[in-house]
Structure formats: C-alpha cells, structure tokens
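A.B. asks: Quick one: the structure is below, and I'll ask about it shortly.
The values are calculated or read from the model by the stated rules, or taken from the named source; none is laboratory data. In this text, all values refer to a predicted model and were calculated from it rather than measured experimentally. As a convention, Cβ positions derive from the backbone with ideal geometry for all residues, glycine included, and neighbour counts pool all protein chains shown. The accessibility values were calculated without ligands, DNA or RNA, using every heavy atom of the protein model including side chains. Shrake-Rupley method; radii C 1.70, N 1.55, O 1.52, S 1.80 Å.
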Amino acid sequence: MRKNTQLDDTRCVVPPETPLEGFASLAVPVYRASTIVFPNAGAYRSRADRAPDGYTYGLSGTPTTRTLEAQLSALHDAQRTITVPSGQAAITATMLTLLKSGDHLLVTDNVYPPVKQFTRKILGESGVETEFFDPTRVADLEARLRPGRTRLVWVESPGSTSMEICDIPDISRVSKAAGALLGCDNTWATGLLCKPLELGVDIVAEALTKYVGGHSDLLLGAIILRDMELYARIRGTLSYLGIGVSPDDCSLALRGLQTMGLRLRHVGEVSEELAYRLAEHSRHTVLHPCLPNCPGHRLWQRDFKGSSGVFSLQLDGISADAVDGALNELKTFAIGASWGGTRSIIAPMVIADDRHVMPSSEATTYLRISVGLENVDDLWADLHRLIGMVST
Ligand SMILES: *Cc1c(COP(=O)(O)O)cnc(C)c1O
C-alpha cells in the first residue's frame with residue numbers, strides 16, 4: 001500500500017449534517033432514496049411496525065410520493081392513494097390483486113383497449129374469466145353477474161373514444177348485491193369533476209399521465225381507496241412485484257396538480273364550445289357528454305361537475321385515406337396518442353367489433369380530440385377545414 005491510503009475518503013462519502021430548520025419551501029422537495037437508515041439496530045429489526053405510512057425502503061415510498069398520494073386522497077375524500085408507474089399499471093395491479101384462478105371479472109366493453117388485452121392475455125392465461133358488458137345497460141351487467149364468482153366489476157366513464165357515461169350508483173347497487181367490488185377508471189374527469197368513491201365505487205384508478213401531469217412529459221398512475229384492507233392488499237402486490245415510482249415524476253405531478261383546476265376549466269369550456277360548433281357545422285356525430293343527444297348526457301349532468309377536454313367525432317362513410325388526408329392538413333393539432341397536455345392532440349381510432357356500439361359502416365373512423373391551451377380560433381380553423389374535407 002502506498003501513500004494514497006491517506007485520502008479523505010470518508011469525508012467524501014458522509015456529508016456534514018445540514019440543518020433543515022427554517023427551510024420552509026413552498027414547493028415539495030424531491031426526496032430520492034433506496035436505503036433508509038434507522039437510529040439503531042432495534043429500530044431496523046422492527047421496521048415492519050412502520051407500515052403502512054412510515055418509511056422503510058425507497059421502493060415503498062418517500063415524502064415526495066406520500067405527499068402526492070395524500071393530495072390525491074384529499075381530492076377524492078379517500079383514505080389512501082397508491083402511486084404506480086402508469087395508468088395501465090393502476091388498473092392491472094388492482095386486477096392482479098383481486099382476481100385469482102376460477103374468478104369472474106366483468107368489464108365495460110368500451111374500456112381502454114390495453115385493459116382488454118391484459119384481461120385476455122395475463123388474466124385469461126391464469127384462469128380468470130372476463131366478460132364484457134354494455135356500459136349503457138345495467139340490465140346487461142345484471143344478467144352477467146355470477147354471485148360468488150364475480151369478484152370485480154370494472155367501468156370506465158366516460159368510456160374510451162365512444163364516450164358513454166355509466167350509471168355508477170346503479171352499477172354499484174347491483175354489483176354489491178352480487179358480492180362484487182366495483183372499480184372505476186376516472187382519468188377523463190379527475191377528482192375535480194367526479195368523485196366515484198362518493199357514487200359507490202370501491203377502487204378508483206387514474207392515469208396521472210393525463211391531466212395531473214398535464215404537460216405530456218411523464219407517466220404515472222394512481223389507485224385511490226377508502227378501504228384500508230384493500231389498500232394493504234394492493235400495496236402487498238406492488239411490493240412483491242417490486243414496483244415503485246420515481247420521486248422526480250411525483251414532483252412533476254405535484255407541480256401539474258397546482259394548475260390542474262385552471263387547465264381543466266379552460267379545456268372543458270373550449271371542448272364544449274368546439275363540440276357544439278362541430279355538431280352545428282357537420283353532418284357527422286359528435287360524441288361529447290355535454291351534448292343533449294349524447295348517450296349518458298343526463299347521467300353526466302347528475303354525477304359530473306363539468307367537462308374535461310376530450311371528446312370524439314364519428315366520421316361515417318369516409319375512407320381511411322380521406323381521413324388521413326384531412327388530418328395531414330392540420331396546422332395546430334398534433335397527431336398522437338395520449339392526451340391531457342397543453343398541446344391539442346387528435347388521433348384516428350378504430351372501434352373493434354366487440355363493442356355494443358358498432359360503426360355504422362366499414363368506413364367509420366372515430367377522431368379522438370384532446371383540447372389543449374392554444375387559441376380557440378386556431379383550433380376551430382383546423383377543425384373547420386377538416387370537416388370541410390370530409391363532408392362528402
Ligand atoms: C391513458 C389512459 C390510461 C392509461 O394511462 P397510462 O399512464 O398511459 O398507462 C388508462 N385509462 C384511460 C381512460 C386512459 O385514457
């Protein structure tokens with residue numbers, strides 16, 4: 001060994017204690033951690049006693065993730081929230097926890113398409129049977145419920161692309177009567193426009209990727225609950241799978257949440273305005289729950305506090321080439337998946353033939369429109385040109 005054993009290695013590794021006292025930042029700091037240290041060996045040995053809210057290891061939460069979770073719980077009048085890496089993960093972690101071989105699952109047929117793939121592939125291959133039901137007919141759900149076998153009923157309201165609103169209180173009533181739990185994807189509304197736990201839902205899932213993040217630059221999801229036993233079971237699944245979230249992403253979500261009220265008010269107002277104008281100027285069907293002829297309009301008025309920025313335009317009898325030609329002329333809308341950011345997005349969607357709503361012809365495309373924060377005249381100029389191009 002040479003002289004370099006004299007280097008100050010320990011000073012490099014152990015930072016001096018810096019007081020936090022007086023550091024009252026308005027922003028929630030980003031706390032990064034894998035290891036959490038304990039004051040003594042006994043505290044380490046009994047670390048399980050810190051559950052469910054204390055800190056034991058980075059994977060199970062940091063003050064940054066806990067703050068975001070507590071803020072979402074407050075928004076929903078919930079007991080606890082669990083953050084997960086995506087909206088899809090919020091749904092699949094819930095289903096994996098609640099369903100085992102031999103169980104039966106009922107899902108609305110207008111659900112976010114990757115959820116259908118999950119039920120067919122992962123759940124189907126592990127012996128869980130899934131059936132899809134018409135989101136607009138509680139009687140259809142009732143006929144398919146199998147008391148003692150149906151563990152979970154899953155709804156998405158409004159549903160992806162076709163925008164039906166579910167009668168959640170009624171669905172809750174028949175699900176409970178059959179002994180099934182009820183889960184709801186509330187991504188479109190967020191806790192600001194709808195609080196499904198108050199309507200009889202047991203588990204709320206949201207893609208924070210959309211309106212909470214709000215800027216198209218993060219992926220995150222949330223599972224929001226009142227029942228502490230359900231909470232412990234889902235936390236267990238995530239811990240066994242080794243799934244956690246980054247405090248950096250949670251910090252961005254906390255920032256997004258601060259302006260979500262303003263953004264939603266704005267995009268809700270503009271999406272309603274554009275939906276009315278499209279309905280007036282085009283022969284095509286506009287699917288927006290604010291429109292009196294849209295399925296679920298009455299339920300939307302009863303259960304929602306307003307509109308967010310996503311709706312669809314149903315183009316009947318127009319070839320895919322003609323639709324694409326019109327989309328390629330858009331100046332302000334960007335073409336892409338996902339939504340809920342500051343930029344307006346449009347995406348051509350095809351509805352699979354396993355839906356209660358069937359396209360009226362082979363040449364039917366649904367345009368999913370997400371309104372952002374651009375000037376409404378620029379957005380209307382795009383949409384007006386588009387409906388002109390697909391008017392024949
Ligand atoms: C986007 C979306 C999801 C999935 O969210 P990710 O964070 O992209 O996984 C789930 N449900 C609905 C209704 C969505 O729009």
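A.B. asks: Choose one answer from CYS12, CYS166, CYS290: the residue with the largest mean-square fluctuation in a GNM of the chain with alpha-carbon springs under 10 Å.
C.D. replies: Among CYS12, CYS166, CYS290, the largest GNM mean-square fluctuation belongs to CYS12.
A.B. asks: Ok, one more. Modelling each spin label as a point 7 Å along the Cα-to-Cβ direction, I'd like the ASP170/ARG146 distance in nm, to one decimal.
C.D. replies: In this crude label model, ASP170 to ARG146 measures out at 2.5 nm.
A.B. asks: Still on this structure, please answer the following. Which residue, PRO359, PRO29, PRO135, tops the fluctuation ranking in a GNM of the chain built on C-alpha contacts under 10 Å?
C.D. replies: Answer for the Gaussian network model of the chain: PRO29.
A.B. asks: Would you mind telling me the share, in percent, of accessible area of the chain contributed by carbon and sulfur at probe 1.4 angstrom?
C.D. replies: So the carbon and sulfur contribution to the accessible surface is 53 percent.
A.B. asks: Output needed for segment 260-390: three equivalent-ellipsoid semi-axes, defined as square roots of 5 times the C-alpha gyration tensor eigenvalues, in descending order, whole Å.
C.D. replies: The three semi-axes for segment 260-390 are 22, 19, 13 Å.
A.B. asks: While we're on this one: Treating only the Cβ of Lys, Arg, Asp and Glu as charged (+1, +1, -1, -1), what charge dipole size does segment 260-390 show about its Cα centre? Round to the nearest 20 debye.
C.D. replies: Using Cβ point charges on Lys, Arg, Asp and Glu, segment 260-390 gives about 480 debye.
A.B. asks: Additional query: Helix check for the chain. Which DSSP H runs span at least 30 Å along their own axis by Cα, with a mean Kyte-Doolittle hydropathy no less than 0.5?
C.D. replies: Span-like helices, by this rule, are absent here.
A.B. asks: Additional query: First obtain the Kirkwood hydrodynamic radius of the chain from its Cα pairs, then insert it into the Stokes-Einstein equation at 37 °C and 0.692 mPa s, and state the resulting D in µm² per second as a whole number.
C.D. replies: 144
A.B. asks: List nothing, just return the count: lysine pairs in the chain, 8 or more apart or interchain, with Cα separation under 18 Å.
C.D. replies: So the count of such lysine pairs works out to 4.
A.B. asks: Taking the Cα centre as origin and putting +1 on Lys and Arg beta-carbons and -1 on Asp and Glu beta-carbons, what dipole magnitude results for the chain, to the nearest 20 debye?
C.D. replies: In debye, rounded to 20, the chain gives about 1200.
A.B. asks: Can you tell me the order of 301-310, 136-145, 30-39 when each peptide is scored by its average per-residue count of other Cβ atoms within 10 angstrom, highest first?
C.D. replies: Answer by packing, highest mean first, reads 301-310, 136-145, 30-39.
A.B. asks: Of GLY268, GLY191, GLY179, which is the most mobile in a GNM of the chain whose springs link Cα atoms less than 10 angstrom apart?
C.D. replies: GLY179
A.B. asks: Output wanted: per-residue J couplings in Hz (rounded whole) for segment 301-311, from phi through Karplus 6.51 cos²θ - 1.76 cosθ + 1.60, θ = phi - 60°, x for Gly and Pro.
C.D. replies: Per-residue couplings from phi come out as 4, 6, 9, 10, 8, x, 10, 9, x, 10, 8 Hz.
A.B. asks: Please give the length that would be gained between VAL37 and ARG283 if that part of the chain were fully extended, namely 0.36 nm times their separation in residues minus their C-alpha to C-alpha distance (nm, one decimal).
C.D. replies: Stretched fully, the VAL37-ARG283 segment lengthens by 82.1 nm.
A.B. asks: Just the number please: accessible area per residue for segment 1-127, 1.4 Å probe, all protein chains included, in Å².
C.D. replies: Averaged over the residues of segment 1-127, the accessible area is 64 Å².
A.B. asks: Let me ask something additional. Under Stokes-Einstein, with the Kirkwood radius over Cα pairs standing in for Rh, what whole-number D in µm²/s applies to segment 181-235 at 10 °C and 1.306 mPa s?
C.D. replies: D, rounded to a whole number, is 135 µm²/s.
A.B. asks: Across 5 Å bins from the origin, how do the percents of Cα pairs in segment 180-313 run, short distances first?
C.D. replies: 2, 9, 16, 18, 18, 15, 10, 7, 3, 1, 0
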